[in-house]
Structures are given as C-alpha cells and as structure tokens.
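Heads up: the structure comes next, in structure tokens.
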Amino acid sequence: MKKTVSFTKNATNVFFHILTKCNLKCQHCYINRKQHGENSLPIETIEAWLKLFSNKSDIANVIFLGGEPTLHPELSTAVKTARKMGYKSITIDTNGYLFHDILSKLTPDDVDFISFSLDGATKETNDSIRGDGCFETCVKGIHEAKEKGFNTSLIYTVSGKNIHELEMMPQLLEKFQIKEFFIQVIGIRGNSAEEGSGSLQLSREQWQKIIPPVAQTVSKLGINVTYPKVFLEENDVFECGGLVADNYFIFPNGRVYRCPLCEDFPIHANCIKNDTLVETAKLNEDDFFQLSIPEGCVMNKMVQPENLSYNKTGQPEYRIACCLLKERIEK
Ligand code: SF4
Ligand code: SF4
C-alpha cells in the first residue's frame, strides 16, 4: 500500500550526530565540518542529550549518525542507554565498516535497524562515489549483520552519478534480505554544495520516470520502501516540517537544527548549552519556516534553486515539497 507519510506529529525524532569523524571521504558527504567541527561527544554527554528528548512526546525515536557512528568506541553503551530510556525505535546508520566490533557488543533486541549506505548497485559506481573498497566492505557488513539476526535497511542516495543503477537495486536488496529500503535525494550540502550541484541534481522528469517505478518493484518483493516526495502535485497541500514536526538534527558542537537543509548555515533554531536545550537568537531557521512562497519550500529555493523551473509569466511550474515529506510503500 502506497501512502504519503505526513510528518509524525505525535513522535519526536532525534537524528543524533555523535561525532563528525569518518573513515571515508564520500564525494557527496553532507557533513560540513567547517560548521560542525571535528569533535566526538563523550558518552556522558550523549546520555545527557538523549535524556533531553526521550520524554518530549509519547514516542521518541533515535537514529545514531556521524560521520561514521561506529567509530565512537561507546556507541553500544549509547544504544543500550537509549533503549533503557524508552526510545521506541533505535537505528544506527553506518557506511558498513562497523568499527569497534559493534555487532558483537549489541544484540538484535538492543537496536531496531542497522542501516547501511550504498550509492551504486555495482562496485564501480558505488566506489567511484564512496571510495575504493567500500562496496565489498559494506556488503560484507550487511551479511554479517544478517547472520547475527539484526534487521537491516539500506539507504541509496540518488544523484546524477548513480541514478542509472537504481533499477538494479531490487535484485540486490532481495539477495541481501534487506527489510527496508530508503531512497534519498541528494542534498546540496557539505561537499555537494562545494562541488556544484549541476551534475548531481535530478530533473523532475528523471525523478518521476525512475524513482516511483523502482519503489513499486522493490515493494513487490516484500521490502518496505520510503522515498522523498520532492515534487508536489497540483492538489497537494504544502507543509513545512520545521513548523509541524518534532524533529531534531543534533551536532556534536551543540547545534540543534529543525531542518536538514539549514545545516550548512549557523541558523539553527536551538542549541544545547550545559546539557539544556535552549533557543537561539533570531534570525534563525524558525523565521524562514514562516515564509510562504509559491515555490513551496523556502530553504530549497535558497540553497538548491536548480531544481525549480518557471513558466513564461515567471510562475513556478511546480512546488517543491518539504524534504521531510515521504512516500512509503509497505507490504
Ligand atoms: S557521507 Fe557518511 S560515510 Fe561518507 S564521508 Fe560523509 S559521513 Fe562518511
Ligand atoms: S525542507 Fe523546507 S519545508 Fe522542510 S523543514 Fe526545511 S524549510 Fe521547511
């Protein structure tokens, strides 16, 4: 069944970058170290910050991110603490290198999903984006996690450099016994912003021609698929997730964003000071969320206007959805 997943209004979602360090140098890496520094949070701080969000609403979910979160020697402790605090869903996003023997320090009961990233269906394409040896290492990690009984999901960030291999993914996902497939659109942040978005961003035609059919094929294999809506249809209502959802994108320097498209700029709405969540001074991303423009998402127009298109009278030909709005096809 396909449905548009509107923002979860009764759940708090914590996207927790516990460090920014990574062993890889992916071409499209979205982590902007000039903005977010190089630090790694001590376990006591991770636990204190988890506590800030665990009771904000009835349900709290956390995704541990980096950099590469398994480079943190105490990730397993953080995961177990999150479970004890009552986080409903706990995910680790990894590039597959699985440092510090993480799969031996956790059990499948501790963590809901280990989520792997591949950006190509072949070694050639994936490694040209993520670096030599990444494909094989990631596939090995997926098998290892599977053998140990962990639920695995896979993230494929689609760009002009790998869209030609997306149609090869269903077969691979089935072979790897992946339970959830997440298609992401390339965000013009971090390295992608520096490289220039020309060769990376997809046109509306490319997106509509390839992504929904691939998602349908994957779902027919019994694998749940989630992908961003990106382009709103005429009758779709535009909503800004920054105003209606309870999402927190936390960085180890204490910045807390409500919108991932803002992460390249010091406009975070909140920050953590002395283990307390506080609001930041205006102007910040909250002020941008209030703006209503005919193109839909304000931040999209500001940071990645290449995906907009206008008619002869200067009106936008379509609106861009909030990047947090997803389509989901479930079994
Ligand atoms: S995209 Fe992820 S795996 Fe790649 S360099 Fe950035 S943090 Fe590391
Ligand atoms: S992506 Fe756009 S619509 Fe979504 S939270 Fe950010 S500014 Fe709002």
Give the order of LYS179, LYS331, LYS312, LYS51 when sorted by the count of other beta carbons within 10 angstrom, beginning with the fewest. LYS312, LYS331, LYS51, LYS179
What range in the chain is the longest one free of GluC sites (Glu not before Pro) that are in a loop by DSSP and have at most 11 other Cβ atoms within 10 angstrom? 39-232
The relative contact order of the range 258-331, taking Cα pairs under 8 Å that sit 6 or more residues apart, comes to a percentage of 22 percent
Positive-end residue of ALA215, LEU277, SER57, charge dipole of the chain with Cβ unit charges: SER57
Could you check what % of the DSSP bridge pairs in the chain are antiparallel, to the nearest 5? 40 percent
Of THR70, ASN95, TYR30, farthest towards positive along the dipole that unit charges on Lys, Arg, Asp, Glu beta carbons give the range 1-125: TYR30
Take the Cβ-Cβ distance between GLU136 and LYS88 as r, set R0 to 35 Å, and report the resulting FRET efficiency rounded to the nearest 0.05. 0.55
Can you give the charge dipole size of the range 177-331 about its Cα centre, rounded to the nearest 20 debye, using +1 on the beta carbon of Lys and Arg and -1 on the beta carbon of Asp and Glu? 380 debye
Of every Cα-Cα pair in the chain, the percentage lying beyond 32 Å is 25 percent
Top of LYS175, LYS21, LYS301 by mean-square fluctuation, Gaussian network on the chain, Cα under 10 Å: LYS175
Contact order normalised by length for the chain, with contacts defined as Cα pairs under 8 Å and 6 or more residues apart; what percent is it? 21 percent
By DSSP, what percent of the beta bridges with both residues in the range 1-139 are antiparallel, rounded to the nearest 5? 5 percent
Normalising by the residue count of the range 1-108, find the relative contact order in percent from Cα pairs under 8 Å and 6+ residues apart. 32 percent
Gain in length, ALA281 to GLU234, computed as 0.36 nm per residue apart minus the alpha-carbon separation, to one decimal in nm? 13.3 nm
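So what is the diffusion coefficient of the range 264-317 in µm² per second by Stokes-Einstein at 25 °C and 0.890 mPa s, using a Kirkwood Rh over Cα pairs?
The calculation lands on 185 µm²/s.
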For the range 52-167, count the residues as N, evaluate 2.2 N^0.38 Å, and divide the Cα radius of gyration by that value, please. 1.13
Restricting to the range 242-331, what percent of DSSP beta bridges are antiparallel, rounded to 5? 90 percent
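Each reported figure results from applying straightforward, stated rules to the coordinates on display, with no laboratory input. Values in this document were obtained by computation on a predicted structure and should not be read as measured data. With ideal geometry, Cβ positions are generated from the backbone for all residues, glycine too; neighbour counts draw on all protein chains shown.
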